[in-house]
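The values are calculated or read from the model by the stated rules, or taken from the named source; none is laboratory data. Quantities reported herein were computed from a predicted structural model and do not represent experimental measurements. Neighbour counts run over all protein chains shown; Cβ positions are idealised from the backbone, glycine included.
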Amino acid sequence: MPAQSVSPRDRMAGAGSGNHNHHARPPWGHYWPSGALALAGLIATAIAGWQMGRWTQARDKELFTAEGRLVVGMIQQKMERYETVLGRLRDACARDDGEISAANWDGWITHTLDLFHHYPNASYVVVAPRITQAQRADFEKRVAVQVGGHPGEIATSRTNADDWFPVWQRWTSSGIFGPCPALGDDLLAETPQHPSFENALSGTAGWVTDRPVRLLSKEAGARIGFWFVVPVRPFEFKTPIPWRNRDEPPEQAGRRRSQQRARYATGLLATFLDGELFLNEFNSAAAKTRVQLFTSTNASADTCLNPGHAMPLHARQSQDARMRWYGKTWTARVASTPVFEAASLGYRTTVIWGAGLLLTLGVAAVAAWQTRGRWREASLAAQLREALGRQERLSRDLHDGTLQSVYGVGLSLQRAQRQLELRPADAARQITETTNALQRVIGELRGFIRETDPGAREEVPLGEALAGVVAHQRHSTEMALELQAPPEADRGLNAAQSLELLNIAREALSNSIRHSGGRRVQLMLDQAPGVLRLQIADDGCGFDPNAAQSKGHGLRNLAARVRELGGTHRWESAAGVGCRLIVEVPLPSATGGSSA
């Protein structure tokens, strides 16, 4: 049998040829569900973490503000306790009318008030009576007798003053030394250790210095604090002080009241309060806040009363609180400590971000794994379908190609057998041709074993291939075989279409030779606009196509090949009138394809 009509290098796109390259993993575009889940998870995590961060920040700020108010309130309460205890000491001094003995003074300080234990930051306490010019000499004589260690004279820079306030008694709890107010020093004389206490004489309550004061201590060196001063007055004024006289301006009334109160004062009581000790109880290691106190609204180094209590570095919470003490404004700066930060719920933001990130990545990874699994399943299914398609095509090719060739060899042998007695020379020639045909069949089978297309050795036009098939079958049958295939009838076909049409023609021609019982078979190949038409007709006994479909593979294979070509076919047959097969296939140029 001559070579067939097509080349093996191409197959129709719809024939499931198995040329697809199945990827080990899907393209990145197929991972969009994982990306969408990851993006949604990250957005949700960011929003949740942001909301939790806002909530924890607001909560921490609210708690810190409450802590700050509590600390400032406690500082003010402590200051009021000092005013109370100094008021008791002031009342005792008023009862003795300035004639305070050393024994009474020590008893009040040590036993009655117990300043050393209850008020440890009251480091220095002094009392000074009012001494006029007429009383100066008598005072100096009296103190020389009654007070041991007293210089017996008033040390003052106000030599021309009408009166003085020399230190009469004093008490110290921390060994303060140096040029502090000593016995005999005038408290209204300004020194580096204290300003003039003259303004305290006209006050109704306590008076404090408006700047930090540095005093030297034997134990701790320089101590920074402030002076708290209260005037000593008799319990009952001899002449009441009117609030406002008739037609008196308010400013003038205020000055008059201050001057009268100053004249009624019988002495001064002053105490030095250590700033560090004053705030120690608020700045313990277990405190949630750290506080510094400033003597003015200017929170600077030169106005700080407790610089030894350094503020925490990089404190998250900080605020300044203003307070009024005895007619002047103070500033308390409060900052959060690690103890406060440890109780914060800010870690929840990190937990949400971390857990959300891990959960998002986990869900995205699971989705990606499922995507890859589905892709692999689809890829395996496609490979299985392709393998089944190849098996089906192989079965069809074996049936319509090699098997028909075997049938032809069998018919040739039967014809040679009939000729053997009557025409031995013709029989010998028939056997030689049959042997050659058998060799070609063996070559086809080897091609199948090599998984190549057995009907595609050379590129031969369909018309020529059909001529070869007809010439081969003429040697195996006594029927008249006719072929009508104009030279341009197969123009526009690609290799795959030519192969399929050749197999269709071989199957139909073999069926007519073996089953029709007729005398003549015609093969016709022609073209109509956009369509190629193949017809195989015989004058045999005919058959019922519907009944024959279930009896073998030939007609089913033929119908499958026509479907893969995208064409149509029909049978025109009836019992005793022969059979005609008409196959119409759209040309590639008519369907937008291109020839191979």
| Which one of these does Val230 not meet: (1) of a type in the set (A, V, I, L, M, F, W, C); (2) modelled with pLDDT under 90; (3) under 30 Å from Glu140 (Cβ atoms)? | (2)
| said: Checking the condition in contact (Cβ under 8 Å) with a residue 12 or more places away in the chain, of a type in the set (D, E, K, R) and more than 30 Å from Gln417 (Cα to Cα), which residue from Arg561, Arg506, Arg514, Arg556 passes? | reply: Arg561
| query | When segment 312-340 is examined, which residues are found to be in a loop (DSSP other than H, G, I, E, B) and among the charged types (D, E, K, R)? | reply | Arg316
| said: Would you confirm whether or not segment 272-281 contains a residue that is among the polar types (S, T, N, Q) and over 20 Å from Trp164 (Cα atoms)? | reply: yes
| message | With the requirement that a residue be modelled with pLDDT under 80 and either surrounded by 12 or more Cβ atoms within 10 Å (Cβ to Cβ) or closer than 24 Å to Gly53 by Cβ (or both), what does segment 348-393 give you? | response | Gln383, Arg385, Glu386, Ala387, Gly389, Arg390, Glu392, Arg393
| field | Total residues in segment 282-314, condition out of contact with any Lys or Arg (no Cβ under 8 Å at 6 or more places or on another chain), free of Cβ contacts under 8 Å to residues at least 40 places away in the same chain and surrounded by 13 or more Cβ atoms within 10 Å (Cβ to Cβ) | value | 1
| query | Is segment 92-107 home to any residue that is free of Cβ contacts under 8 Å to residues at least 12 places away in the same chain, in the same structural domain as Thr172 (by TED's automatic domain parsing) and among the aliphatic types (A, V, I, L, M)? | reply | yes
| said: Six or more apart or on different chains, Cβ atoms under 7 Å: show the pairs whose first residue is in segment 405-423 and over 15 Å from Leu438 (Cα atoms) and whose second is among the aliphatic types (A, V, I, L, M) and part of a helix (DSSP H, G or I). | reply: Gln419/Ala427; Leu420/Ala427
| Where a residue in segment 330-342 is within 27 Å of Gly225 (Cα to Cα) and its partner, wherever it lies, is among the hydroxyl-bearing types (Ser, Thr, Tyr) and crowded, with 19+ Cβ neighbours inside 10 Å, with Cβ under 6 Å and at least six apart | Val334/Thr289
| Taking only pairs six or more apart or across chains, which ones have beta-carbon atoms under 7 Å, a first residue in segment 146-161 that is within 17 Å of Thr191 (Cα to Cα), and a second residue that is assigned to a loop (DSSP other than H, G, I, E, B) and modelled with pLDDT of 85 or more? | Ile154/Gly184; Ala155/Gly184; Thr156/Ala189; Ser157/Ala189; Arg158/Leu188; Arg158/Ala189
| field | Failed condition for Gln259, given (1) touching a strand residue (DSSP E or B) at 6+ places or on another chain (Cβ under 7 Å); (2) surrounded by fewer than 18 Cβ atoms within 10 Å (Cβ to Cβ); (3) modelled with pLDDT under 85 | value | (1)
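From the list Thr112, Thr159, pick out the single residue that is hydroxyl-bearing (Ser, Thr, Tyr) and over 29 Å from Ile224 (Cβ atoms).
Going through Thr112, Thr159 in turn, the sole match is Thr159.
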| message | I'd like to check something: does segment 170-182 contain any residue that is within 60 Å of the chain's Cα centre (by Cα) and surrounded by fewer than 17 Cβ atoms within 10 Å (Cβ to Cβ)? | response | no
| helices (runs of 4 or more DSSP H) contained in segment 79-161 and holding at least 1 residues under 60 Å from the mean Cα position of the chain (by Cα) and modelled with pLDDT under 85 | 115-118
